[in-house]
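Here the structure comes first, spelled out in structure tokens, and everything after it is commentary.
The values are calculated or read from the model by the stated rules, or taken from the named source; none is laboratory data. All of these numbers come straight from a predicted model, not from anything done at the bench. Because the Cβ atoms are built from the backbone with ideal geometry, glycine has one as well, and the counts that use them run over all protein chains shown. Quick note on the areas: whole protein, heavy atoms, side chains included, nothing else; ligands and nucleic acids left out. Shrake-Rupley method; radii C 1.70, N 1.55, O 1.52, S 1.80 Å.
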Amino acid sequence: MGLPLVPKRARNCITVKNEIVRGMLAEMAGIFVLVLFVDGGLAAGIVSGWISGTPVSTAVTSGMGVAFGIYTGVAVSGGHVNPSITVGLASVGKFPWRRVPLWILAQLVGALCGASVVFAIYYQGINALDGGNRTVFGDTGTGGIFCTYPQEYFGMGPGFVEQIINTGLLLHCTLMFFDEKNGKPTKGMEPFFVGLSVAMIILAWGHNAGSPMNPARDFAGRFLTWIAGYGSEVWVPRGVHWWWIPTFVPPLGGIVGANFYYLFVELHHPSDSEVVADHGNSELRQIQNEDVKLVGKSSYIKVATEPISE
């Protein structure tokens, strides 16, 4: 049996007992893992000129990155790894509002750390592509690795509505997959299906503006590229103050999506007494049907076995 790298006495000293601090650490770790997959997949595609990746593959790495991020801390913090999830769950009473700012702070820190690692690892590749002249758009643009931007034709009005739809779908699917009273997946598979829903949302809605959904990942990446020399265009792409759309609208979409599922589905689940009564009625109907079959069968046998009178 091997010896752990960290001695038991040291482990006892660094083990966090405070529930809130544990949750924040788990959120930091979860979104750190998420960003490594999401930004790493985009970096592989963009830096290689889409030789080492495709838009479909980046949707898969993003979706599975979300799943792995949730798995990282789901038992400790709930595995939100997204301010939109945190706010959406709080809006339907599934998470305390007093913890929302702390969870979002942890998510921002973890996302910034993840984006910084991706930038450091792909620094030489980015340099080889743009020659040290950091640009957001164009043939040498790499700003899209770290945050989302709209197409030239895409306005802020449609962008506002689209981000509500995108993140609303994410929260709807999240509550659906974790709903114990609905047709949820096998226990332990819920994060995988949430990640799958993210991949599907990106494939369906990602072309117009990248389908951000996660303000922590988007804002952290935007801030990082700004201090890394990409200029003010990260905040005002093509002269449009787009930055607030992926920063503030997804949490609103999270509230809409969470309440959509809650008001249209979860609120109307049968009560436990109704379920028991319905189960009892089903058993009664089954017994009655079996009795009818037996009676019919015995009558048939009786008629068939009676002697034919002349």
Practice prompt. Please enumerate the residues belonging to region 43-63 that are in a helix (DSSP H, G or I) and open to solvent by 50 Å² or more (accessible area, probe 1.4 Å).
Written response: P55, V56, V60
Worksheet item: Within the bounds of region 154-166, is there any residue that is under 29 Å from S48 (Cα atoms), open to solvent by 20 Å² or more (accessible area, probe 1.4 Å), in a helix (DSSP H, G or I) and touching a residue at least 40 places away in the same chain (Cβ under 8 Å)?
Response: no
Discussion item. So, S91, is that one over 14 Å from A216 (Cα atoms) and modelled with pLDDT of 95 or more or not?
Written reply: yes
Discussion item. Filter region 157-211 down to the residues that are of a type in the set (S, T, Y) and more than 13 Å from the chain's Cα centre (by Cα) and list them by number.
Written reply: T186
Worksheet item: Can we say A90 is part of a helix (DSSP H, G or I), open to solvent by less than 60 Å² (accessible area, probe 1.4 Å) and farther than 19 Å from Y262 by Cβ?
Response: no
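Any idea which of N133, N127 is in a helix (DSSP H, G or I) and over 22 Å from V33 (Cα atoms)?
N127
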Item to complete: Considering each residue of region 167-220, count those that are assigned to a helix (DSSP H, G or I) and charged (D, E, K, R), and give that number.
Response: 3
Worksheet item: Consider D139 against the criteria (1) part of a loop (DSSP other than H, G, I, E, B); (2) open to solvent by 50 Å² or more (accessible area, probe 1.4 Å); (3) modelled with pLDDT of 95 or more: it satisfies all of them except one. Which criterion is unmet?
Response: (3)
Item to complete: Those residues that are of a type in the set (A, V, I, L, M, F, W, C), touching a residue at least 40 places away in the same chain (Cβ under 8 Å) and open to solvent by 20 Å² or more (accessible area, probe 1.4 Å), I need them from region 99-120; list them, please.
Response: L102, I104, L105, L108, V109, L112, C113, V117, F119
Worksheet item: Among F95, F32, which is open to solvent by 20 Å² or more (accessible area, probe 1.4 Å), aromatic (F, W, Y), outside any helix (DSSP H, G or I) and on the phi < 0 side of the Ramachandran plot?
Response: F95
Practice prompt. Could you look through region 114-138, keep only residues that are touching a helix residue (DSSP H, G or I) at 6+ places or on another chain (Cβ under 8 Å) and of a type in the set (S, T, N, Q), and pick out the one that is farthest from W235 (Cα to Cα)?
Written response: S116
Item to complete: Please tell me if F177 is touching a Phe, Trp or Tyr at 6+ places or on another chain (Cβ under 7 Å), closer than 18 Å to V38 by Cα and open to solvent by 30 Å² or more (accessible area, probe 1.4 Å).
Response: no
Worksheet item: Before we move on, is L196 open to solvent by less than 20 Å² (accessible area, probe 1.4 Å) and more than 18 Å from W244 (Cα to Cα)?
Response: no
Discussion item. Based on this model, can you work out whether A106 counts as farther than 22 Å from R238 by Cα and more than 25 Å from the chain's Cα centre (by Cα)?
Written reply: no
Worksheet item: Does at least one position in region 209-218 carry a residue that is farther than 27 Å from P101 by Cα and buried (at least 19 other Cβ atoms within 10 Å of the Cβ)?
Response: no
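Would you check which residues across region 232-252 are in a helix (DSSP H, G or I) and hydrophobic (A, V, I, L, M, F, W, C) and list them?
Listed by number, the residues that qualify are V234, W244, I245, F248, V249, L252.
Residue by residue, here is whether (1) touching a Ser or Thr at 6+ places or on another chain (Cβ under 9 Å); (2) farther than 14 Å from C113 by Cβ; (3) open to solvent by 90 Å² or more (accessible area, probe 1.4 Å) holds:
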| site | (1), (2), (3) |
| --- | --- |
| R9 | no, yes, yes |
| C13 | no, yes, yes |
| V16 | no, yes, no |
| E19 | no, yes, yes |
| R22 | yes, yes, yes |
| E27 | yes, no, no |
| G41 | yes, yes, no |
